[in-house]
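Engineer: Here's a structure for you.
The values are calculated or read from the model by the stated rules, or taken from the named source; none is laboratory data. Small disclaimer: the values here were computed from a predicted structure and weren't measured. Note: ideal-geometry Cβ built from the backbone for every residue, glycine included; neighbour counts use all protein chains shown.
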Amino acid sequence: MSIILEESIHAWMATNQTLREQTTERATERFFAVFDHTETAIQARLDRATTSARDEVFAALTADAVLDSLPSAPTTAGAREALRSRWLSLNPAWDLPLPVTSPGLSSARLAIAAAVGSLLGMTVLGGLLNLGLGVRGLGMLIGGPGGAALAMYAVGRLTESKALRRMLKTLLGVAWTADLLGAASFGLAPRT
């Protein structure tokens, strides 16, 4: 029995492909119509958007033309309403989680990271290939995009990991202290 029912469902889905696509598009539009472009997704707006999309799908899939296309179509208006109410009661709730919001990197920080990484990559790889093979231009050509990619990856990882940020701050603090002590030992420290 379940094989016959599954085949009927597949046949109905194949004949109503455009209806399914249009319903999906309309439900998606109704879902996002609740949100403004500038505001964050709070739970009340998400629930309202989910309800709006669910109502659109319910209205599209229980329209009279769709119910008439079922293999055992309801013949009376009472039977159609009973089918609609049963479908609505059996339909599980759409519990959508809030989108994950995390502080993103500003475009200025990404641009600076890419520029610094590009310069470092060109310098390091260009210098290495110049010393090893005598082809500085090739090293710079490969090192620029590679350095930019690595720098942007490193900045992305730094925003995700507190341990990496702490380690970098410690290393920078130690380097700054050593630089200050080195300058003081040569008599270059500012006099107070």
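Engineer: Which one of the conditions (1) within 30 Å of LEU150 (Cα to Cα); (2) in a helix (DSSP H, G or I); (3) modelled with pLDDT under 70 does ILE4 fail to meet, given that it meets all the rest?
Structural biologist: Answer for ILE4: the failing condition is (1).
Engineer: Name the helices (runs of 4 or more DSSP H) wholly within segment 83-192 that hold at least 1 residues that are modelled with pLDDT of 80 or more, among the basic types (Lys, Arg) and surrounded by 13 or more Cβ atoms within 10 Å (Cβ to Cβ)? Reasoning before the result, please.
Structural biologist: On the way: elements: 107-132, 136-160, 162-185.
Qualifying helices (runs of 4 or more DSSP H): 136-160.
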